Amino acid sequence: MEMRATHNDGVDGDARRTANYKPNIWNYDHLQSLTSVYNDEKYKREAETLKEEVCVILAAFDHEDPLYKLELIDEMEKLALSSYFEEEIRESLDKIASMKSSGNADLYSTALYLRILRQHGHHVSPDAILRTMEEEEEKLVTSACSDGKAMLEVFEASHLGLEDECLMDRAKAFATKNIRVFNLDYDNDVEKIGKFPLHWSVSWFNAKKHIQMIQAKTNKSTLQRLAGLSFNILQLQHQNELKQILRWWRNLGVSEVLTFTRDRVVESFLWAVGVAYEPQYESLRKWLTKAILLVLIIDDVYDMYGSNHELQQFTTAVERWDSMEIQHLPESIKRCFWLLYDTINNMDHEIQKEKGWNSVLPHLKKVWTGFCKALFVEAKWYHSSHSPSLSEYLDNGWTSSSGPLLSLHILIGIGHDITQTIHVFNNCQEIIRLSSLIIRLCNDQGTSKAELERGDAHSSILCHRGEANVTEAAARGHIKNLVTDSWKKINGLFISAPRWQQPMIRYVVNTARVATFIYQNGDGFGVQDRETRDQVLSCLIQPLPLN
């Protein structure tokens, strides 16, 4: 049985708890040795030529039939190509949104229209999809078949519903039921049911699978070839970035000293790639990866390693950004503080140098202080055996999820103007809160069992079980509903946000999408050898075979 931290001011090494995390599974020397033929300039030149050809295709606009353009944009997004054509896509969707509906569209095109337009921040009424759905329901009464393509699109579109659109829930139930009852198998891609809709998924994590799917079905096309080249060229860039981060990490020697915490560099970088895979965001990925690594280490300090008194001192030191406050702490906790202090200070210098901004250190210190204070609240609950209500837990938990601090690092990474960047961070706190809440709830769904076994603090599942006196299954169902409700609120806030802010907000919301993936079947950070490992191999290591 594991030892728990005592309530005394000091805790000797033998009495400290441990999570018994599995050792890192990645051979860093092997990762440093990775090479790729896609470093050859000829592939980059070919990709640029193909981009010009796709631009010509996008420029052609059929006012009589916008369905083709919607399908093309949808395909480009699934292939992770849309970032190359943002202006062309925006102009096309603005034209489509300004067109008057013909009133006779089928269920599939109506659902696709709603999904794509809402994904891009347009106000679209759900009336048309609901009207055509009712017509489809009447047909199903006398028919034992249905259009799988339409059903899947209704299912996808239903996840773009807003908080007050109860009939969109009916659309989701309608599509789900018909897909299951009639065992529809449109393009052998019904895996979404029971997993995640596109709107909740990480586009880059799905891109390779989608490229392979169209490779198996169609002859060579401009879009297909560009997607394959783009994936492999970007994968090579990501590999080189990972190598640099690994050198930084190994030079720190942290994993040899802080043996109680997780060595998860590769997974942290995967998270950063999931948030922003595009080639122009190399610095964002570097800063975000380092922030995630710090989050994991500091989370372990508060969750397991530090005594109440030590955590109080550590929290004060972070708040004051003053090393004098850590003089009496154990060497390992001092090392954690210095790691945070040096990394964030260096990050601030890099941001100033690369972007020409004034110091963002005051803003970074504020979010790291908020994170540590939230973790300290949870540590005090644990040490005092306090069982918070679900509301009390979540009011603190969205901050302890690290969502707010990750959001600031993301916005700084993609921002061009410091004033606008901080404005977006300050004025989009509700979307940040909801995205962070999804991180917290997904984390709890994936890690609560292991945390309960080792005696960690409460999770949202345990809080609701104790408060409502329900089974674990019922509690998990409730948490799942909270996630769905949070997405509905995010959808509404995103559509209501100023158009210039929407691209920045989308990257913040990507944190919730990555969390959904990482914690889908357990702790994707603590246990690396399942979906997380497969995704690392697919995204970062194994290139896509091209003809």
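The values are calculated or read from the model by the stated rules, or taken from the named source; none is laboratory data. Model, not experiment: these values are computed from the prediction. Heads up, the Cβs are rebuilt from the backbone with ideal geometry, glycines too, and the neighbour counts pull from every protein chain shown. Areas reflect the complete protein model, heavy atoms only, side chains present, ligands, DNA and RNA absent. Shrake-Rupley method; radii C 1.70, N 1.55, O 1.52, S 1.80 Å.
Accessible area per residue (1.4 Å probe, heavy atoms of protein chains only) ranks Lys69, Lys42 as Lys42, Lys69, with the largest value leading.
Overall, the ratio between the Cα radius of gyration of the stretch 35-133 and 2.2 N^0.38 Å, rounded to two decimals, is 1.29. Mean sequence separation of contacting Cα pairs (under 8 Å, at least six apart), scaled by the length of the chain, corresponds to a relative contact order of 19 percent. The Cβ shell under 15 Å around Trp249 holds other residues with a net charge of +3, Lys and Arg each +1, Asp and Glu each -1. Each eigenvalue of the Cα gyration tensor of the stretch 292-344, multiplied by 5 and square-rooted, gives one semi-axis; in descending order these are 15, 14, 9 Å. Taking the average, over residues, of other Cβ atoms within 10 Å as the packing measure, peptides 322-328, 433-439, 390-396 rank 433-439, 390-396, 322-328 from highest down. The Cβ shell under 14 Å around Ser359 holds other residues with a net charge of +1, Lys and Arg each +1, Asp and Glu each -1.
Using a cut-off of 31 Å between Cα atoms, the listed pairs Lys69/Lys208; Lys51/Lys149; Lys69/Lys355 include Lys69/Lys355 as exceeding that distance.
Computed with every protein chain present, the accessible area of Met213 is close to 40 Å² [probe 1.4 Å]. A protection proxy built from the mean count of other Cβ atoms within 10 Å ranks the segments 508-517, 307-316, most packed first, as 508-517, 307-316. To the nearest 10 square angstrom, how much accessible area does Tyr382 have with a 1.4 angstrom probe? Here the residue's solvent-accessible area equals roughly 40 Å². Here is the tail figure for the stretch 16-61: Cα pairs spaced more than 16 Å apart come to 69 percent of all pairs. Estimated purely from DSSP H runs of n ≥ 4, each contributing -39500 (n - 2.57), the mean residue ellipticity at 222 nm for the chain is -21500 deg cm²/dmol once divided by its residues. Of Val360, Val377, the residue with the largest accessible area leads and the full order is Val377, Val360 (1.4 Å probe). Candidate membrane-span-like segments in the chain, meaning DSSP H helices with Cα atoms spread over at least 30 Å of their own axis and a Kyte-Doolittle mean of -0.5 or above, are 222-252, 361-383, 429-453, 472-496, with no membrane implied. Computed from the Cα positions only, the extents of the chain along the three principal axes stand at 74, 60, 41 Å, in decreasing order.
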